[in-house]
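The structure under discussion appears below in the form of structure tokens.
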Amino acid sequence: MKMKSMIKMFAILIALLFSMSVVSAASLVEKRQHIRDISRTTLLKLYDLQPAARGYVENAAGYGVFGNWGVKLLFIGGGTGKGMAVNNSNNHETFMDMVTGTVGFGLGAKTYNVVFIFENEKALDDFTENGWQFGGQVSAVATDSVAGGGYQGAISVSPGVWMYVMTDKGLALEATLKGTKYSRNDLN
């Protein structure tokens with residue numbers, strides 16, 4: 001009996017989660033501006049927590065910023081988010097969605113923000129043109145792929161791509177991206 005109730009609760013939570021990403025009454029311009037505002041606020045928070053990150057973002061080929069939230073109920077969970085990737089050479093914005101699914105014990109809901117730093121055009125183009133799908137766990141590393149210097153507080157996601165994960169408590173030093181998909185959305 002309890003299992004049926006939990007499954008029903010989870011189904012309701014997932015339905016609510018995905019209904020938030022359904023088209024709202026806001027105009028295309030308002031939706032884009034909302035994502036830009038989240039991006040600006042997230043970057044300012046990152047620069048406050050990790051001042052060296054400003055130089056990393058400004059000197060990179062591009063960056064991506066996402067506002068995300070997720071829920072976990074016992075053994076399964078999911079999440080969604082919106083954000084954008086920006087090419088620093090021409091300021092081109094690509095608006096994107098994020099969706100995730102997780103398996104493993106847990107209970108609760110959380111919000112978090114993610115900032116990606118793309119060291120080169122290829123990494124940025126792969127992300128914006130093809131989207132990404134993560135299937136494993138990433139961990140903090142101390143050096144970049146070019147000069148052995150560090151991206152202080154960042155996590156290496158793949159060659160040429162670094163990531164900061166921020167919660168309301170500050171920077172996270174690890175991240176699990178199991179079943180996470182980033183892709184273009186209809187705001188472009």
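Any idea which residue in the range 78-95 is surrounded by the most Cβ atoms within 10 Å (Cβ to Cβ), counting only those that are in contact with a Phe, Trp or Tyr (Cβ under 8 Å, 6 or more places away or on another chain) and β-branched (Val, Ile, Thr)?
The residue in question is 86.
Quick test for you: out of 102, 94, pick the one residue that is modelled with pLDDT of 80 or more and hydroxyl-bearing (Ser, Thr, Tyr).
94
Are any residues in the range 63-77 more than 17 Å from residue 38 (Cβ to Cβ), crowded, with 20+ Cβ neighbours inside 10 Å and of a type outside the set (A, V, I, L, M), and if so, which ones?
Across the range 63-77, the qualifying residues are 72, 77.
Filter the range 73-105 down to residues that are more than 22 Å from residue 117 (Cβ to Cβ) and either more than 17 Å from the chain's Cα centre (by Cα) or not in a strand (DSSP E or B) (or both), then give me how many there are.
Count: 7.
Report the residue count in the range 44-91 for those that are in contact (Cβ under 8 Å) with a residue 40 or more places away in the chain and charged (D, E, K, R).
Residues in the range 44-91 being in contact (Cβ under 8 Å) with a residue 40 or more places away in the chain and charged (D, E, K, R): 2 in total.
Conditions: (1) among the aliphatic types (A, V, I, L, M); (2) at pLDDT 90 or above; (3) out of contact with any helix residue (DSSP H, G or I) (no Cβ under 9 Å at 6 or more places or on another chain). Residue 117 meets all but one. Number of the miss?
The one condition residue 117 does not meet is (3).
Taking residue 85, is it out of contact with any helix residue (DSSP H, G or I) (no Cβ under 8 Å at 6 or more places or on another chain) and either within 19 Å of residue 157 (Cα to Cα) or not acidic (Asp, Glu) (or both)?
no
In this structure, is residue 129 at pLDDT 80 or above, loosely packed, with under 13 Cβ neighbours inside 10 Å and more than 15 Å from the chain's Cα centre (by Cα)?
It is true that residue 129 is at pLDDT 80 or above, loosely packed, with under 13 Cβ neighbours inside 10 Å and more than 15 Å from the chain's Cα centre (by Cα).
Under 9 Å between Cβ atoms, which residue pairs at least 6 apart in sequence (or on different chains) link something in the range 99-111 that is hydroxyl-bearing (Ser, Thr, Tyr) with a partner that is exposed (fewer than 13 other Cβ atoms within 10 Å of the Cβ) and in a strand (DSSP E or B)?
What qualifies is 111/167.
The values are calculated or read from the model by the stated rules, or taken from the named source; none is laboratory data. Model, not experiment: these values are computed from the prediction. Cβ coordinates were reconstructed from backbone atoms using ideal geometry, including for glycine residues, and neighbour counts include every protein chain displayed.
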